[in-house]
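Please read the structure below before turning to the comments.
What follows is calculated from the coordinates using simple rules that are stated; it is not laboratory data. All of these numbers come straight from a predicted model, not from anything done at the bench. FYI the Cβ positions are ideal-geometry reconstructions off the backbone, even for glycines, and counts take in every protein chain you see.
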Amino acid sequence: MGASDVNLAELIGSRICHDLISPIGAITNGLELLEMVGAVQGPEMELISGSVGSAGARIRFFRVAFGAASDQPLGRTEVIELLKDLEKASRVRITWNLTEPVPRNQVKLAFLSVMCCESAMPFGGEVEIETRGDAWTVTGTADKLNLDPDLWKGVSTGCFASKVSPAHVQFALLPETAAAIGRRVAVETTTTLVKLRF
């Protein structure tokens, strides 16, 4: 996968997310109207509403993680809202320790890193995102991590021993996306911690 492949993947990601956000928003509005008039109530409504909310949160998160990104700044409030919505649909608690707006292409790297951490936490955990100067650190901790050594080694090298599955596409995209903006990803793992730096 080269830089042009990453750009094509970003354009595809942007297109899919753009096309799905509107209908999910329309379903959410429809559910709110049904609730207001009391037409549908009970556990069925809660299940539908929760599922639509989770889908919307994932799509908005994916739009940043997989979509085209420039160095246009993304503000703290918008990022925090995205992550709070994502937490409702996940077992992972995410802490964004940045106070200032940061370039969208760097937030993209952070979100891909969050996805890598999340995949290693089948029973949940915590992810903390922070910067020191221009350097980013994304740290995932959990009582029990499920780490695939080939995937985590590949994040640093950009080379993978076997074909990457769709569920782990973030591992392949992260080093390529980082290289496209002149960065390299370093990885540190223990039995309870994963740390990505770029």
State, to one decimal in nm, how far the label point of L193 lies from the label point of S14, with both points 7 Å from Cα in the Cβ direction.
3.8
How about the stretch 56-98: which trypsin sites (Lys or Arg not before Pro) there lie in a loop by DSSP and see at most 13 other Cβ atoms within 10 Å?
R91
How would you rank S156, S119, S162, going from fewest to most other Cβ atoms within 10 Å of each one's own Cβ?
S162, S156, S119
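Would you please report the Å³ per residue occupied by the convex hull of the alpha carbon atoms in the stretch 3-197? The partial results should precede the final answer.
Numbers: hull volume 24.6 nm³, N = 195.
Per residue, the Cα convex hull of the stretch 3-197 comes to 126 Å³.
Summing -39500 (n - 2.57) over the DSSP H runs of n ≥ 4 in the chain and dividing by its residue number, what mean residue ellipticity at 222 nm do you reach, to the nearest 500 deg cm²/dmol? Can you show the working numbers first?
Details: 6 runs with 109 residues, N = 198.
Calculated mean residue ellipticity at 222 nm is -18500 deg cm²/dmol.
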